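A.B. asks: Encoded as structure tokens, here's the structure I'll be asking about.
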């Protein structure tokens, strides 16, 4: 039974996926806190997004690996369900937990997207105000420079 060795690999893959989803949930919470913070540091936010992207890449690699291993073991599992009943139950339990965590992550992502849109709207408004005030300051500066300027005068000194 050579294929039996693949089942622990599949269970280990599901465990790793569970850990990665936990990290993504934690990163989503950190991202929400950053978005709710009025003094948001864009570098910190960018770092969080980058960390989350790395976790998602790892998750996708695990999914691909799990699918590949499952393709090798699928027939063995179906033909000998009684022999692998405990392993199958354990995998189903992990898959159930993973599904719940995925739903939680999707809900958090939707909330964070809404917060991000609000933050961007706020930032755009601030940028408009800064540009407007900068324009007023520049206009004031130009006008003040003209008030101290005296046009050249020509005086007739022959008289």
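The values are calculated or read from the model by the stated rules, or taken from the named source; none is laboratory data. Since this is a predicted model, take the numbers as computed values, not measurements. Glycine also receives a Cβ, built like all others from the backbone with ideal geometry; neighbour counts cover every protein chain displayed.
A.B. asks: Just one of (1) over 14 Å from the mean Cα position of the chain (by Cα); (2) farther than 27 Å from residue 14 by Cβ; (3) surrounded by 10 or more Cβ atoms within 10 Å (Cβ to Cβ) trips up residue 97, so point out which.
C.D. replies: So the condition that residue 97 fails would be (2).
A.B. asks: Is it true that residue 52 is under 30 Å from residue 9 (Cα atoms) and either modelled with pLDDT of 90 or more or in contact with a strand residue (DSSP E or B) (Cβ under 6 Å, 6 or more places away or on another chain) (or both)?
C.D. replies: So residue 52 passes the test.
A.B. asks: Which one of these does residue 129 not meet: (1) surrounded by 10 or more Cβ atoms within 10 Å (Cβ to Cβ); (2) under 30 Å from residue 4 (Cβ atoms)?
C.D. replies: Against the list (1) surrounded by 10 or more Cβ atoms within 10 Å (Cβ to Cβ); (2) under 30 Å from residue 4 (Cβ atoms), residue 129 comes up short only on (2).
A.B. asks: Which residue is nearest to residue 52 (Cα to Cα), if the candidates are limited to region 26-40 and must be out of contact with any helix residue (DSSP H, G or I) (no Cβ under 8 Å at 6 or more places or on another chain) and in a loop (DSSP other than H, G, I, E, B)?
C.D. replies: 37
A.B. asks: Right, something else. Please work out which residue is nearest to the chain's Cα centre (by Cα), limiting yourself to region 51-89 and to residues that are free of Cβ contacts under 8 Å to residues at least 12 places away in the same chain and in a loop (DSSP other than H, G, I, E, B).
C.D. replies: Filtering first and then ranking leaves 81.
A.B. asks: Only one of (1) farther than 20 Å from residue 109 by Cβ; (2) surrounded by 11 or more Cβ atoms within 10 Å (Cβ to Cβ) fails for residue 75. Which number is that?
C.D. replies: Result: residue 75 passes all but (2).
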